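Presented below is the structure to which this report refers.
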Amino acid sequence: MTSDEAYPAERESGEGRTGRRGARRAFLAAALRNPGQFGAVAPSSPSLAAVIASVVPTAGAPVVVELGPGTGAMTTAIEARLAPDARHVAIELDPRMVGFLRQAHPGLEVVEGDAVKLHALLAECGIEQADAVVSGLPWALFDEATQVSILAQVASVIGSDGVFATFAYRHGMALAAARRFRRTLHATFAEVVLTPTVWRNMPPAFVYVCRRPRTL
Ligand SMILES: C[S@@+](CC[C@H](N)C(=O)[O-])C[C@H]1O[C@@H](n2cnc3c(N)ncnc32)[C@H](O)[C@@H]1O
């Protein structure tokens with residue numbers, strides 16, 4: 001049996017280089033190497049991933065864009081919902097995470113690049129509009145101009161019918177950076193809904209679900 005053939009069973013059992021344990025190890029190594037780009041030491045839990053992925057349409061042929069997929073915790077939950085004709089594009093800055101994702105998720109279109117160039121990166125894939133944009137980006141590590149720029153591009157990509165979802169840690173809600181991000185979300189989208197806290201995540205987190213960009 002080749003290593004490729006062995007891969008799905010390994011992933012299912014959580015073992016192997018691209019299984020859940022391998023993903024946790026790869027994530028921690030990357031986060032320690034580059035803490036200023038990760039903002040977390042462990043991937044999102046399946047519970048948080050399921051909540052954030054719940055915005056992804058289950059029928060038809062939607063275009064779904066994932067920002068900052070890391071080792072693919074949310075990718076797995078998104079893939080589980082997608083019909084065969086859907087398009088799932090992931091934009092990731094860290095080259096090692098890109099390599100990990102390409103091996104672990106062969107059906108995923110992985111683009112190595114900076115989410116701040118969202119329009120240009122999607123244009124290279126022939127994409128102008130997406131039905132859903134799902135983010136695992138560490139917003140608190142970005143300056144305000146970067147947050148505003150990425151969110152403005154997300155808003156134009158989802159248009160009037162799409163949805164944007166991103167998570168935040170509950171313990172950080174009162175921090176100035178989190179309050180500023182929330183203000184920017186409200187300035188960008190007419191509809192910003194917070195989900196209940198997902199306690200089965202380390203640390204506990206919630207999801208912002210945003211629709212109806214104000215610029216349209
Ligand atoms: C907190 S991790 C989240 C990973 C995964 N979505 C999860 O929930 O487990 C943040 C990820 O965003 C990536 N990232 C950070 N800045 C980025 C940027 N400007 N463009 C694209 N990816 C970025 C990091 O390399 C990392 O993989």
Problem set entry | Candidates ALA145, ALA187, ALA168, ALA178 - the one that is among the aliphatic types (A, V, I, L, M) and in contact (Cβ under 8 Å) with a residue 40 or more places away in the chain | ALA168
For this session: Please enumerate the residues belonging to the stretch 12-30 that are at pLDDT 80 or above and either crowded, with 17+ Cβ neighbours inside 10 Å or basic (Lys, Arg) (or both).
Result: GLY19, ARG20, ARG21, GLY22, ALA23, ARG24, ARG25, ALA26, ALA30
Seminar exercise, completed: Of the candidates LEU118, LEU185, the one satisfying the condition of being within 15 Å of the ligand (Cβ to nearest atom), outside any strand (DSSP E or B) and at pLDDT 95 or above is LEU118
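Please state which one of ALA132, ALA77, ALA140, ALA50 is within 11 Å of the ligand (Cβ to nearest atom) and within 16 Å of ALA165 (Cβ to Cβ). Reasoning before the result, please.
Numbers: ALA132 fails: within 11 Å of the ligand (Cβ to nearest atom); ALA140 fails: within 16 Å of ALA165 (Cβ to Cβ); ALA50 fails: within 11 Å of the ligand (Cβ to nearest atom).
None of the others qualify; the one that does is ALA77.
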For this session: Could you list all residues from the stretch 143-165 that are among the polar types (S, T, N, Q), more than 11 Å from the ligand (Cβ to nearest atom) and part of a helix (DSSP H, G or I)?
Result: GLN153, SER156
For this session: Hey, could you check the stretch 94-115 for residues that are over 13 Å from GLY70 (Cβ atoms) and in contact (Cβ under 8 Å) with a residue 24 or more places away in the chain and say which is farthest from the ligand (Cβ to nearest atom)?
Result: GLY107
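The values are calculated or read from the model by the stated rules, or taken from the named source; none is laboratory data. Nothing here was measured: the structure is a model prediction, and the numbers come from that model. As a convention, Cβ positions derive from the backbone with ideal geometry for all residues, glycine included, and neighbour counts pool all protein chains shown.
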